[in-house]
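K.L.:
Below you'll find the structure I mean.
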Amino acid sequence: MGFFNGLRSEKAKGLAYLLSGLFLVCLFIGWRFYNARILSFKTDNVSASSESQSSNPVSINIPSIGLTLPLEESAIVDGVWQISYKGASHLDKSADPGETGNMVIYGHNKTSLFGPIRWLKEGDLIEIKNEEGALYSYRVVKTVITTPADIEYVLPKSEEILTLYTCTGLLDSKRHIVLAKRA
């Protein structure tokens, strides 16, 4: 009898190790899928809003929430929106400061990055500085919480508008959008 008890114990350990290994593999696959869609909208590309020779934005300042961050030019690569880990990202195919069109700026939902944009309200000031040192001021006109499938907010526009966004909701399943117009 002692032999069979030892055998059951070894089988139980083996099964536990196998199930633990399968769980870790599934967890890794889920993590890879989650990371691939962080901050992405469900679109492969956003077309350029203008072809002029303008100056890229290099920093964003939002006095009402005490947020000042550097901006990096970022692109959509294989359907995944590249993102800065040190500041916010300016979508390279979107408008630049002072241009007609939609200037799209996005960042991680972290307290030290773009998380505080959730506290912006209508009328708050947003300042964007470009490579030449010119300062462009915008005022918040609307905030929205939407899904990654709702790409309306990141598409090119016929007027000058600033669109800020970050993730929000359970497992970052939603997008927090801030729309601002030139002050």
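Okay, residues lined up against (1) without any contact (Cβ under 8 Å) to a residue 12 or more places away in the chain; (2) under 18 Å from the mean Cα position of the chain (by Cα); (3) part of a loop (DSSP other than H, G, I, E, B); (4) buried (at least 18 other Cβ atoms within 10 Å of the Cβ):
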position	(1), (2), (3), (4)
Thr68	yes, yes, no, no
Val104	no, yes, no, yes
Lys110	yes, yes, yes, no
Leu113	no, yes, yes, yes
Val144	no, yes, no, no
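K.L.:
State the number of residues belonging to the stretch 72-87 that are in a strand (DSSP E or B) and free of Cβ contacts under 8 Å to residues at least 40 places away in the same chain. Steps first, please.
P.N.:
Step one: list which residues in the stretch 72-87 are in a strand (DSSP E or B), which gives 72-74, 76-77, 80-81.
Checking which are free of Cβ contacts under 8 Å to residues at least 40 places away in the same chain leaves us with 72-74, 76-77.
Qualifying residue count for the region: 5.
K.L.:
For the stretch 85-102, state whether one or more residues are open to solvent by 50 Å² or more (accessible area, probe 1.4 Å) and modelled with pLDDT under 80. Show your work before the answer.
P.N.:
Step one: list which residues in the stretch 85-102 are open to solvent by 50 Å² or more (accessible area, probe 1.4 Å), which gives 85-86, 92-93, 100.
If we keep only those that are modelled with pLDDT under 80 as well, we get none.
Within the stretch 85-102, not a single residue is open to solvent by 50 Å² or more (accessible area, probe 1.4 Å) and modelled with pLDDT under 80.
K.L.:
Let me ask something else about it. Looking at the stretch 115-136 only, could you name the residues that are part of a strand (DSSP E or B), of a type in the set (A, V, I, L, M) and open to solvent by 20 Å² or more (accessible area, probe 1.4 Å)?
P.N.:
Here is the first cut: in the stretch 115-136, the residues part of a strand (DSSP E or B) are 125-130, 135-136.
In the following step, the residues that additionally are of a type in the set (A, V, I, L, M) were identified as 125-126, 128, 135.
Of everything in the stretch 115-136, those that are part of a strand (DSSP E or B), of a type in the set (A, V, I, L, M) and open to solvent by 20 Å² or more (accessible area, probe 1.4 Å) turn out to be Leu125, Leu135.
The values are calculated or read from the model by the stated rules, or taken from the named source; none is laboratory data. Not measured: the values here are computed from a predicted model. Note that each Cβ is placed from the backbone with ideal geometry, even for glycine, and that neighbours are counted across all protein chains shown. Remember, those area values only see protein heavy atoms, side chains included, never the ligands or the DNA or RNA. Shrake-Rupley method; radii C 1.70, N 1.55, O 1.52, S 1.80 Å.
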